[in-house]
Every structure is written in C-alpha cells, then in structure tokens.
Amino acid sequence: MLTPPLDDPERRALLRLARQSLQAAARGQPPPAVDAAALPPRLLQPGACFVTLTVHDGLRGCIGGLEPQAALYLEVQQRAAQAARHDYRFPPVAPDELPQIEVEVSVLTPPQPLPYASPDDLLARLQPGVDGVILRYGQHRATFLPQVWERAPEPAVFLSMLCDKLGARRDLWRRERIEVQTYRVEMFTEADYAEEAAGGAPVSDGAA
C-alpha cells in the first residue's frame, strides 16, 4: 500500500485497468497495451496487490502477490487476468459473466513479522478487521486478506481457517511455533466508482 493512500483518480485508473484486463482474459486475450506515460506517476512504482472478483457478493476469483514483482499498474493487470483464468477453485470466467462481476483491488503494505510469546499472545496481538495475516510453516505459506475477518471475526477461528488453507491441521497454530506476518491493505471496488469503472470510456486525469 502506498503512503499517502491512493487518491480517487489513481484508484479509478487501477479499477479501469483491472476491468479491461478481466474483459480481455475472458475472451482469451492478453491484457491490453497501456501508455504508461499517461498514468499517474505513483502507479509506476512497484506495488503488491490482490484482485478479487465477486458476483452478488459471492467470490468468483481472487489472486495476488505479497511482494511486488512489477509496477503497481502491471501487477493489477496481471492479477486481474489470473483471477479470471487461473484461480483453481473456479472455472475460467466466460464473456457472458462479465456484466455480473464486480472488481475489487487491494493494495498491500510490505508484510512485517508479528512476534508472539504463546498462542494466547498471538490471539491478543492480531487486529481483527485490520490485519492481513500470513502463516509460514516449512516451505508452505498461506494468507488471508483483512476482508476475511468479515467471515471469521474471532482470531482463533481466523487462524484455524488459515491453517486449513495452508494444508495443515486447523490447530497447528496452537500446537507448534509457526512464523506469522501481518500487513494492511487499501481496498477499493468498482461499486465505489460505478460510473467511471464500469464502462469503456476513458477517464480523465491520467487514468487508462
């Protein structure tokens, strides 16, 4: 996540890029070319993000990265296409689904280690609704965005679900010492900017 937070033109630009990439991916095409020089400068900085696709508040795809591999605008393009085509939990998005899909972008802060002395101390240190959480055990790693707290507001349940995602026993966080990291996100959706993000007309002030 960038500091200070992204402004409205920057958010609209990213949502537009995500939508265009989603549309292309649903038709089996690569993300469209972008004139990077026309984008707000901060979108050219490296940034990690997740792109989430929903239909009537139900998950339709979500893929992202915890560390930036490219400029933020490129990360958003790539993650939108991957969420449409390569989330193993869902079939690829078809063109006729596009009108029902809403795009959500989450821009991440760099993950930070969360030290803790005991399982109960870990529960006390987590901030529900605020922290994104990464669990690392051996060579395996799994994360939940802060949005998942809406489905699992109790830290113990949240951690158990995350252990399940990790492919481990749900009580692993109580039984063994595991590495925990946290991060924050700046999240925004097409619903926040419905008129600008839903169509194909250009957005002013540097948005692609």
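The values are calculated or read from the model by the stated rules, or taken from the named source; none is laboratory data. Note that the structure is a prediction, hence the values are computed from the model and not measured. With ideal geometry, Cβ positions are generated from the backbone for all residues, glycine too; neighbour counts draw on all protein chains shown.
Report, by residue number, each residue of segment 49-78 that is more than 25 Å from Thr182 (Cβ to Cβ) and charged (D, E, K, R).
Matches in segment 49-78: Asp57, Arg60.
Which of the residues that make up segment 149-160 are surrounded by fewer than 17 Cβ atoms within 10 Å (Cβ to Cβ) and closer than 18 Å to Tyr183 by Cβ?
Within segment 149-160, Glu150, Ala152 meet the criteria.
Take the conditions outside the structural domain of Gly132 (by TED's automatic domain parsing), within 16 Å of the chain's Cα centre (by Cα) and more than 20 Å from Ala142 (Cβ to Cβ) and apply them to Leu39. Does it pass? Steps first, please.
Details: outside the structural domain of Gly132 (by TED's automatic domain parsing): yes; within 16 Å of the chain's Cα centre (by Cα): no; more than 20 Å from Ala142 (Cβ to Cβ): yes.
Spelling it out, it is not the case that Leu39 is outside the structural domain of Gly132 (by TED's automatic domain parsing), within 16 Å of the chain's Cα centre (by Cα) and more than 20 Å from Ala142 (Cβ to Cβ).
Considering only segment 23-33, state which residues are within 21 Å of the chain's Cα centre (by Cα) and touching a residue at least 40 places away in the same chain (Cβ under 8 Å).
Taking segment 23-33 as the starting set, the residues that turn out to be within 21 Å of the chain's Cα centre (by Cα) are 23-26, 30-32.
Selection gives Gln23, Ala24, Ala25, Ala26, Pro30, Pro31.
Would a scan of segment 175-190 turn up a residue that is more than 24 Å from His56 (Cα to Cα), buried (at least 17 other Cβ atoms within 10 Å of the Cβ), of a type in the set (Lys, Arg) and at pLDDT 95 or above?
Yes, because at least one residue in segment 175-190 is more than 24 Å from His56 (Cα to Cα), buried (at least 17 other Cβ atoms within 10 Å of the Cβ), of a type in the set (Lys, Arg) and at pLDDT 95 or above.
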